[in-house]
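Following: one structure in structure tokens, then a few remarks.
Each value in this text was obtained by applying a stated rule to the coordinates, not by laboratory testing. Just so it is clear, the structure is predicted and the values come from calculations on it, not from any experiment. Because the Cβ atoms are built from the backbone with ideal geometry, glycine has one as well, and the counts that use them run over all protein chains shown.
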Amino acid sequence: MLKRWSEWRENRQIARIHLSEQQWQQAMAYPSAAQLAPALTQRWRDMTLRFLLRKNFYSGAGFVISDEVRLRISAQATLPVLAIGLHWYDDWDSIVVYETAFIPPFAQRDESGLVSHSRRVLSGEAWLRGPVIFSWEDVIGAGHGAHNVVIHEVAHKLDMRSGAANGAPPFHHTMSPARWHEVMTEAWDWAHQAQRNGRPVPIDSYGLEQPGEFFSVLSEHFFMQPESLFEHWPQVYEQLMLFYQQDPLRGCFVS
Ligand SMILES: [Zn+2]
């Protein structure tokens, strides 16, 4: 009953939100979005607004959180769970946004669940059972190349649903954990070997620092440059497709 009531209330709140076509186009301007079927684009809009209403946005260092800030972060954060559902984000509700790069309030301590970045040290952070933090400057920089700080951090959140961010999110019953492990380990080993030999690696080398970063950086590539990921690592692409239940190359869902 309570669930039905909150859904009803949320539907009424959504009906009252008026956004221009231009605002949507701006929020959804990402490579894999162009492939989406119209029905999925509509679903994306709907889920984006539900995400926006369910999460609390907080200002970092006085940054003014505008509608554009909420909308763009919500749209990007929703893309990875378009098929698997917003309930995958039910275990967290706070987003802190700084205007530019920020200084993390704590030192990096992976074992405590904090995931912070040495390279993009101040562009984003995801806390186990805590908030997700972004630099707005980095959020709007997304869309160039494979980098997307929002997808990166929410991928950590998905990963953390099974404990620490270790590169193994909770698997659907249709997936084989053994196969995931085998494919990811092979790609991880190959990439490290290539890096040692000075050969090019298909993803940002930051993803090679630890398995949790590997999963997040691969997720960025999966949604931002699916062609290149598929070309270099078709088996990794397939595992991510099974997890996200989406095929960004074809703009459709898979089960
Ligand atoms: Zn990370």
- Task: Convert 20 °C to kelvin, take the viscosity as 1.002 mPa s, use the Kirkwood radius over C-alpha pairs of the chain as Rh, and evaluate the Stokes-Einstein diffusion coefficient in µm²/s, rounded to a whole number.
- Result: 115
- State whether region 1-70 is rounded, prolate or oblate according to the following rule on the C-alpha gyration tensor (a ≥ b ≥ c being the square roots of its eigenvalues): a/c under 1.5 gives rounded; otherwise a/b larger than b/c gives prolate, and the remaining case gives oblate. oblate
- Item | Mean Cα-pair separation over length for the chain, i.e. relative contact order, pairs under 8 Å, 6 or more apart, % | 19
- Query: Counting Lys +1, Arg +1, Asp -1, Glu -1, what net charge surrounds ASP90 among other residues with beta carbon under 15 Å of its beta carbon?
  - Reply: +3
- Note on the structure: Interchain or sequence-distant (5+) residues whose placed amide H lies within less than 5 Å of the amide H of PHE63 are GLU99
- Query: How many percent of DSSP beta bridges within the chain run antiparallel, rounded to 5?
  - Reply: 45
- Item | Amide H within-cut-off set for CYS252, under 5 Å, with H built and near neighbours excluded | ASP247
- Query: Using the Cβ atoms and a cut-off under 13 Å, what net charge is assigned to the surroundings of ALA29, where Lys and Arg are +1 and Asp and Glu are -1?
  - Reply: -1
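Neighbouring Cβ atoms within 10 Å as the yardstick, rank MET175, MET241 fewest first. Before the final figure, lay out the partial values.
On the way: MET175 15, MET241 20.
Listing MET175, MET241 from fewest to most nearby Cβ atoms yields MET175, MET241.
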- Query: For ILE65, ILE17, what's the fewest-to-most ordering of other Cβ within 10 Å of each Cβ?
  - Reply: ILE17, ILE65
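Just want the ordering: GLU153, GLU21, from fewest to most Cβ atoms lying within 10 Å of their own Cβ.
GLU21, GLU153
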- Task: Pull up all non-local amide H partners of VAL96: gap of 5 or more, or a different chain, and H-to-H distance under 5 Å with H placed in the peptide plane.
- Result: TYR58, VAL132, ILE133, PHE134
- Computed label-point distance, nm, for sites SER228 and ARG196 using a 7 Å Cα→Cβ extension: 2.5
- Item | Over the chain: helical MRE at 222 nm, DSSP H runs n ≥ 4 each giving -39500 (n - 2.57), nearest 500 | -14500 deg cm²/dmol
- Query: Which whole-number percent gives the relative contact order of region 149-221, counting Cα pairs below 8 Å spaced six or more residues apart?
  - Reply: 40
